[in-house]
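Read the structure below first, then the notes.
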Amino acid sequence: MTETLPVQAVDAERFRQTLALHAAGVVVVTAQVDGVPVGLTATSFSSVSLAPPLVSFYVDHSSTTWPRLRQADHFAVNVLASDQAEVASRFARRGVDRFADPTSWTLGPYGVPLLGGVSAHLICSPHSTVDIGDHVLVVGLVTETGLEPGGRPLLYHRGRFGRFIPHP
C-alpha cells in the first residue's frame with residue numbers, strides 16, 4: 001500500500017516570485033454601466049476556445065471595479081500596444097478617473113469604451129464566471145474584433161512593463 005503524503009502548497013511570496021518570470025500580455029477590460037465607463041488592467045488574459053470563440057481573464061475578489069463591470073451586457077478586451085505602459089498603470093490604480101485625459105477612448109459597438117492606440121480589441125458578451133481561490137474567472141464570448149496590423153504588444157515581466165522584440 002502506498003502512503004499518501006499531504007499536499008502542501010508553496011507559500012504565496014515564492015509563488016509570486018516564480019510567476020514573475022512568466023512574461024504576460026497586458027490588456028485593459030472596459031465596459032459601460034448606466035452611462036459610466038469602467039475598466040481594469042489584467043495580465044491574466046488568455047484564449048479559451050475557438051468554437052465558440054471564448055476568452056478569459058481573472059479579477060481579484062478585492063477589485064473595486066469588478067462589481068460594476070460584472071453588470072455590463074458587453075465588455076471590451078483592449079490589447080495594449082508596447083507604448084501604453086502608462087495606460088496599464090492608470091487602469092490598475094485605485095481612486096483615479098481612468099477615462100479622464102490623457103486616456104484616449106471612444107464608444108464602440110454596444111456602447112463599450114474602446115481605448116485608442118491599442119494593438120487590438122475584442123468585444124465580448126459575458127459567458128460565465130467562476131470563483132476560484134481569491135479571484136473570479138471571467139469568460140467572454142467574442143462577438144467582434146478590431147486590430148491594428150503590425151501592432152506590438154505590451155508585456156509584463158518581473159513586475160515591470162516591457163516590449164516584445166522578435167528574434168531575427
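Could you figure out which of (1) of a type outside the set (Ser, Thr, Tyr); (2) under 30 Å from Ala51 (Cβ atoms); (3) open to solvent by 20 Å² or more (accessible area, probe 1.4 Å); (4) in contact with a strand residue (DSSP E or B) (Cβ under 6 Å, 6 or more places away or on another chain) isn't true of Arg98?
Of the numbered conditions (1) of a type outside the set (Ser, Thr, Tyr); (2) under 30 Å from Ala51 (Cβ atoms); (3) open to solvent by 20 Å² or more (accessible area, probe 1.4 Å); (4) in contact with a strand residue (DSSP E or B) (Cβ under 6 Å, 6 or more places away or on another chain), the odd one out for Arg98 is (2).
Count, please, the residues in region 61-91 that happen to be surrounded by 15 or more Cβ atoms within 10 Å (Cβ to Cβ) and either aliphatic (A, V, I, L, M) or farther than 15 Å from Val33 by Cα (or both).
16
Among all residue pairs at least 6 apart or on different chains, which show Cβ distances below 7 Å where the first residue, located in region 76-101, is over 15 Å from Leu147 (Cβ atoms) and at pLDDT 95 or above and the second is small (Gly, Ala, Ser) and buried (at least 17 other Cβ atoms within 10 Å of the Cβ)?
Cβ pairs passing all conditions: Phe91/Gly39; Arg98/Gly39.
Residues that are under 24 Å from Leu137 (Cα atoms), part of a helix (DSSP H, G or I) and β-branched (Val, Ile, Thr): does region 82-92 have at least one?
Among the residues of region 82-92, at least one is under 24 Å from Leu137 (Cα atoms), part of a helix (DSSP H, G or I) and β-branched (Val, Ile, Thr), which makes the answer yes.
Of everything in region 46-61 that's in contact (Cβ under 8 Å) with a residue 24 or more places away in the chain and part of a loop (DSSP other than H, G, I, E, B), which residue is farthest from Arg94 (Cα to Cα)?
Pro52
Could you check how many residues of region 11-45 are assigned to a strand (DSSP E or B) and open to solvent by 90 Å² or more (accessible area, probe 1.4 Å)?
Going through region 11-45 one residue at a time, the tally reaches 0.
Looking at region 103-132, which of its residues are closer than 27 Å to Ile165 by Cα and either touching a helix residue (DSSP H, G or I) at 6+ places or on another chain (Cβ under 8 Å) or not in a strand (DSSP E or B) (or both)?
Result: Thr103, Ser104, Leu115, Gly116, Gly117, Val118, Ser119.
Among the residues of region 127-168 satisfying the criterion of being within 14 Å of the chain's Cα centre (by Cα) and of a type outside the set (A, V, I, L, M, F, W, C), which is nearest to Arg70 (Cα to Cα)?
Ranking the qualifying residues of region 127-168, first place goes to Gly140.
Out of all the residues in region 133-155, which are open to solvent by 80 Å² or more (accessible area, probe 1.4 Å) and either part of a strand (DSSP E or B) or aliphatic (A, V, I, L, M) (or both)?
Answer for region 133-155, where residues must be open to solvent by 80 Å² or more (accessible area, probe 1.4 Å) and either part of a strand (DSSP E or B) or aliphatic (A, V, I, L, M) (or both): Thr145, Leu147.
The values are calculated or read from the model by the stated rules, or taken from the named source; none is laboratory data. Given the structure is predicted, the values throughout are model-derived calculations rather than measurements. Neighbour counts run over all protein chains shown; Cβ positions are idealised from the backbone, glycine included. Remember, those area values only see protein heavy atoms, side chains included, never the ligands or the DNA or RNA. Shrake-Rupley method; radii C 1.70, N 1.55, O 1.52, S 1.80 Å.
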